[in-house]
Amino acid sequence: MSLELTLHTSPQVPVEAENISPDKFAGLTIAEIETLSVMHGNEQLTLADFFKVEGQTGAEIHLQGDLSRLKYIGSGMSSGHIHIHGNTGQHLGAAMSGGEILVDGDAGDWVAPDMSGGRIQIKGNAGHMVGSAYRGSPVGILGGEIIIHGDVRNEAGHGMRNGMIVVGGNSGDFTGVDMLAGSIIVLGKLGIRSGAGMKRGSIVTLQAAAMLPTFSYACTYQPTYLRIYMQYLKDSGLAIDEAHISGNYERWSGDAIELNRGEILLYKD
Amino acid sequence: MSENIKTVKNATCTFCGCVCDDMILTVDMDEKRIIKAKNACVLGRAWFSQHTIEDAPAAMIDGQPVSVDEAIEEAAQTLMNARFPITYGLSDTTCEAQRQAVAITDFIKGTIDTTTSVCHGPSGLAFQGIGESTMTLGEVKNRADLVIYWGGNPAESHPRHFTKFTVTAKGMFTPNGKKDRTVVLFDVRRTASTPVADIFVQLKPGKDFEVLWALRALVKGRTIDASIEEETGVSLETLKDLVERMKNCRYGVFFFGMGLTMTRGRHFNSGALLALTTDLNEFTHFVAKPARGHGNVTGADNVLSWQTGYPFGVNFSRGFPRFNPGEFTTVDTLSRGEADAALIIASDPASNFPKAAIDHLRSIPVITLDPKETLTTKLAHVAFRTATYGINTGGTVYRMDDVPISLRPAFESPFPSDEEILTSLKARVHELVLAGKNQQSALKTSTSLNA
Ligand code: SF4
């Protein structure tokens, strides 16, 4: 059984719906869930103004309809499941610490800012700032897993402290900028200026990439840990060949302006 | 020319971010025209001489002349009925008017943004991320012996910058003017400013970040591969020479323009330059400043910062200010079709925004305040014609180095100032907010009585 939320009225302006989260729904009846507030621009409305709510409470949450104007879905969740059958808006899973969000369509900018645990899987594309630090904060996500099957735009993993971001398609510019630790794996093309200002952490890509002048070639080897990662991603349904799992990777160290302890690994066949 | 001539001394030109306050204006009071602007540059002269009072209605609703009061009522109702109203522009008006605009946006729980978001917004982001080692232009004039321009063409955009402050100006520790200074220019092409430079560094388009990053590495004593020349168009020798000059100067300054902030990399480009400035302070005194364009865009940043805590892209829809460029900046809220009403002050987005944004602007009620007719005022639901700041109104503007300067108006305009219109609009909006609250509490009491 599941709890179904079906959009019946499309919002005219952005809606902030941080109350759509298993933690907020916990212990509430359907009628109580319907009265949870959402911000429609500057006016406070209720979930029932936009959604038909039916099904079993306490179960997996399924959202239907075009939710590209809905922000903050799954914000702060610590457990449970949300399945979005379509597109969703900005700040998906902001500050989540556990549980899982699955999106069949695309997601807007700022996927999972301040995330510390849990898992987000997006079948389509995502916008700028995936798993990135909020403006003014030097630290991005602290943990968790973000898997995007399509493309992402700029600044994925900005300032990330830990956790993993996987991009099935291409990434934008400044991927992993100022990252402190953690892993970013881009199966498609890595945008330019990746890893600028990184202190530690790994950025892995399966295609050739432009390097900043402050990154230097170290060696070519077969990183053991990467086999485990790649196998895991293959099992998660991403297009990974056997060669990617056991093949050679060029290791580039950087950013020399910082500690020079980060790495960019480029697949070499 | 009539007999009725007046001279205004120490008037201020608000055309560019230099905000020169040494204008001597000769005004024909009968014809209401400035006939001479002594000390002004070509741009300033054009700004003053082209200013005439047009015969036009002070307020219009859907193109029909109405009284100012009617227009204020309509504007207030429009803004109050909106769920995601935006306020935009503000760079060509006084700080006093900007303050009113912030208050209105706060009352209507809207989003306020200035033209900063389409010029030096990236610098604003970089200031927040990295910090700013700053100064006033007077300090530069008196002390700077290494002046570096990056991605700008001051000879054409800020014509008096070189002579008043940075190149030929004679100062306390720079008594011989240009002889005491080294001027470096980084740009992707030769411009009218190039001949002024002692060293011109031509880099390949879109390679600013790489060059700055290499400079930072060299300042920190790291090695850079000679292949940098092939990538950026600047040789390693040139970079090394520049780094030595930067480390060994007495007082160095960077001025950076939109060639840096609006090309690929944006806030990371400005951020890299600010970080380089910080790095150089290990060796000597080094400062950086964006060369701001519009007259009072610096004031807009200051007013928004002191009133909301953030310089641009600020949202009030939940009753408190939140800052998120990309989410709350005007090009984005319009292009995504989110805004449902717009208050546009002294700016013409309909002439320079991306098509998707302009299309959306056409589909929502727009309120404009502008001294002249523009593409935006033409599509406005409510259009106010206002007096020109600096020429017809007093007030305060900020120079590009955050120094506030008072305006001395030359002659009166038949139109009200931005500040007057916005103050009335604020008062009306406030009344409506209070009325709404009373209604709500009345509703609450009646329901609790029923219960
Ligand atoms: S430099 Fe700028 S402020 Fe000064 S007179 Fe010229 S246009 Fe006006």
Looking at B:PRO195, B:PRO175 in this structure, which one is loosely packed, with under 14 Cβ neighbours inside 10 Å, over 17 Å from B:TYR149 (Cβ atoms) and either among the basic types (Lys, Arg) or without any contact (Cβ under 8 Å) to a residue 60 or more places away in the chain (or both)? B:PRO175
Among the listed residues B:ALA272, B:ALA214, B:ALA226, identify the single one that is in contact with a helix residue (DSSP H, G or I) (Cβ under 9 Å, 6 or more places away or on another chain) and surrounded by fewer than 24 Cβ atoms within 10 Å (Cβ to Cβ). B:ALA226
If you scan segment B:320-335, which residues turn out to be surrounded by fewer than 19 Cβ atoms within 10 Å (Cβ to Cβ) and within 8 Å of chain A (Cβ to nearest Cβ)? none
I want to confirm something. Restricting to segment B:22-60 and keeping residues that are in a strand (DSSP E or B) and within 9 Å of the ligand (Cβ to nearest atom), which single residue is nearest to the other protein chains (Cβ to nearest Cβ)? B:MET23
Which of the residues belonging to segment B:124-134 are within 13 Å of A:GLY136 (Cα to Cα) and either of a type in the set (Gly, Ala, Ser) or more than 13 Å from chain A (Cβ to nearest Cβ) (or both)? B:GLY124, B:ALA126, B:GLY129, B:GLY131
Filtering segment A:5-50 down to residues that are closer than 23 Å to A:MET96 by Cβ, small (Gly, Ala, Ser) and surrounded by fewer than 20 Cβ atoms within 10 Å (Cβ to Cβ) yields A:ALA26, A:GLY27, A:SER37
Meets criteria (β-branched (Val, Ile, Thr), within 16 Å of the ligand (Cβ to nearest atom) and under 17 Å from the mean Cα position of the chain (by Cα)) for B:THR116: no
Can you tell me which of A:ALA59, A:ALA26, A:ALA48 is more than 14 Å from chain B (Cβ to nearest Cβ) and at pLDDT 95 or above? A:ALA48
Residue ID - surrounded by the most Cβ atoms within 10 Å (Cβ to Cβ), chosen from residues in segment A:180-222 that are touching a residue at least 60 places away in the same chain (Cβ under 8 Å) and in a strand (DSSP E or B): A:ILE203
Pair list, Cβ < 6 Å and 6+ apart or interchain, from segment A:84-96 residues that are within 9 Å of A:LEU70 (Cα to Cα) to residues that are surrounded by fewer than 21 Cβ atoms within 10 Å (Cβ to Cβ) and of a type in the set (Lys, Arg): none
Matching residues, segment B:336-360, being small (Gly, Ala, Ser), more than 14 Å from chain A (Cβ to nearest Cβ), crowded, with 16+ Cβ neighbours inside 10 Å and not in a loop (DSSP other than H, G, I, E, B): B:ALA350, B:ALA357
Does at least one position in segment B:272-286 carry a residue that is in contact with a Cys (Cβ under 7 Å, 6 or more places away or on another chain) and either more than 14 Å from chain A (Cβ to nearest Cβ) or at pLDDT 95 or above (or both)? yes
Which ones in segment B:70-109 are away from chain A (no Cβ under 13 Å), in contact (Cβ under 8 Å) with a residue 60 or more places away in the chain, in a helix (DSSP H, G or I) and among the charged types (D, E, K, R)? B:GLU73, B:GLU74, B:GLU96, B:ARG99
Select, from A:GLY89, A:GLY99, A:GLY131, the only residue that is within 14 Å of chain B (Cβ to nearest Cβ) and either over 10 Å from the mean Cα position of the chain (by Cα) or closer than 16 Å to A:ASP151 by Cβ (or both). A:GLY89
Tell me, which residue of segment B:1-21 that is charged (D, E, K, R) and away from the ligand (no atom under 13 Å from the Cβ) is nearest to the other protein chains (Cβ to nearest Cβ)? B:LYS9
Quick check, is B:GLY221 farther than 22 Å from B:VAL183 by Cβ and either part of a loop (DSSP other than H, G, I, E, B) or within 14 Å of chain A (Cβ to nearest Cβ) (or both)? yes
Scanning for something more than 16 Å from the ligand (Cβ to nearest atom), touching a Pro at 6+ places or on another chain (Cβ under 8 Å) and in the same structural domain as B:ASN269 (by TED's automatic domain parsing), does segment B:200-208 turn up at least one residue? no
Collect the residues in segment A:112-121 that are farther than 15 Å from A:ILE184 by Cβ and more than 14 Å from every other protein chain (Cβ to nearest Cβ), keeping them in residue-number order. A:SER116, A:GLY117, A:GLY118, A:ARG119, A:GLN121
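The values are calculated or read from the model by the stated rules, or taken from the named source; none is laboratory data. Since the model is a prediction, treat every value here as computed from it, not as a measurement. Glycine gets a Cβ as well: all are built from the backbone with ideal geometry, and neighbour counts include every protein chain shown.
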